């Protein structure tokens, strides 16, 4: 690892700490502003000196939560979107700890405004600090300061694409010093002045790769290589020892173990809260459906879930009552010729209220009950009909390794405008790279997409 990378990774810790202190002080000062204290009178005594002492300890505890969340992982740098998700999750966990502490000792501190404002400001200021640090690093990289000098080995199309990618994206911090043909490679000569060797040619034989690796290890150089097709499918691996032999297990998805437990708890809590909060809206929508086209209010649609199991998915009825029977007649007008799905822009089966429900995605709100029942998740691949799943190619069945979702990566990346293969690619990426941070970010982006669609943006 280059010294510059270590510096930027290390400096993020004190920046986070000062941002947390700033968030706490900003919340404290805001509490005593006249426009706040007039409508919300101050009924506690909290000298600034005492508050600062408590704040310094609280901020230090939050740094521990940041570390547990992986915000200081030097070996695996995060994307900015991943940082935002981890910051939100960590700050929310810190808020929960404070609430629990106040529950057992209510006399400790009784300003709920400062607690909630501090939580909000901490998310905003820590994210701002991370953004400034990232922009500073990018500016230095663009000027060639602190970059990693790379020797690229290969002459095939994939290697040339890598070279072009690094040249057009200097903000990544990699500079191709030289690209050489594997046949003409003299590693002792060509590696002079480089920090890392990247083998782009997947056809380079094993012996050559081992020689390059040994040279890199002996000369303290980084070594990377482009994985072949099998290795590319094998990134979720676990090693075991059976009868004294090393055995590698390729996992179906990154969603396993405690991750599966965490996702289920997250689904239940959010779904229950949403059902309670949205209950007046759900009642209003039910009344509108009855007025427009009569009962039933809900429809039950057969879908295929995890491991190929079938279940009944709930939706507000947005079509006329005999819509399913008419689908066969409308198949010649299907606008999706690239896959098993059916799409028709001006579907004559949709009711007046149904158009509103679909434009706002309110028709999918009853699926919260499917989430609570464990048949679906808040986030996951799009649930498909049995006859659509029957047309899956073998590789498409990887989508059934986890529960389908009310929303997903494909839905926020173009919704129905995506081709079938694009949708599959995005959903497969989610299945293979699941994390709770991805779920939070996808849910936040879903709200934005729905608002844009409803507003006609």
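Quick note: the coordinates plus some simple rules give every number you see, no bench work behind them. Quick caveat, the model's predicted, so the values are computed rather than measured. Positions of Cβ are backbone-derived with ideal geometry, glycine not excepted, and every protein chain shown enters the neighbour counts.
For the reader, a short list of remarks on this structure follows.
- In plain terms, the residue of 91, 216 with the fewest other Cβ atoms within 10 Å comes first and the most crowded comes last, giving 216, 91.
- Per-residue packing, averaged as other Cβ atoms within 10 Å, sorts the ranges 284-290, 254-260 into the order 284-290, 254-260, beginning with the highest.
- Pairwise FRET efficiency - residue 277 versus residue 418, Cβ, R0 = 30 Å, nearest 0.05: 0.50
- Most to least packed among 94-101, 139-146, 298-305 [average Cβ atoms within 10 Å]: 298-305, 94-101, 139-146
- Prolate/oblate/rounded label for the stretch 148-226 (Cα gyration tensor, a/c 1.5): oblate
- Panel order for 136, 351, by other beta carbons found within 10 Å of each beta carbon, from fewest to most: 136, 351.
- Peptides 52-65, 434-447 ordered by packing proxy, namely the average of other Cβ atoms within 10 Å per residue, highest first: 434-447, 52-65.
- Theoretical FRET efficiency, 1/(1+(r/R0)^6), r = Cβ-Cβ of residue 156 and residue 92, R0 45 Å, to 0.05: 0.45
- Contour excess over end-to-end distance, with Cα ends at residue 206 and residue 164 and 0.36 nm allotted per residue: 12.5 nm
- Pairwise label distance in nanometres, residue 223 with residue 307, each label 7 Å out on the Cα-Cβ vector: 4.1
- Shown is the FRET efficiency for residue 395 and residue 145, computed with R0 = 35 Å from the Cβ-Cβ distance and rounded to the nearest 0.05: 0.20.
- Of 90, 309, the sequence from fewest to most neighbouring Cβ atoms within 10 angstrom is 309, 90.
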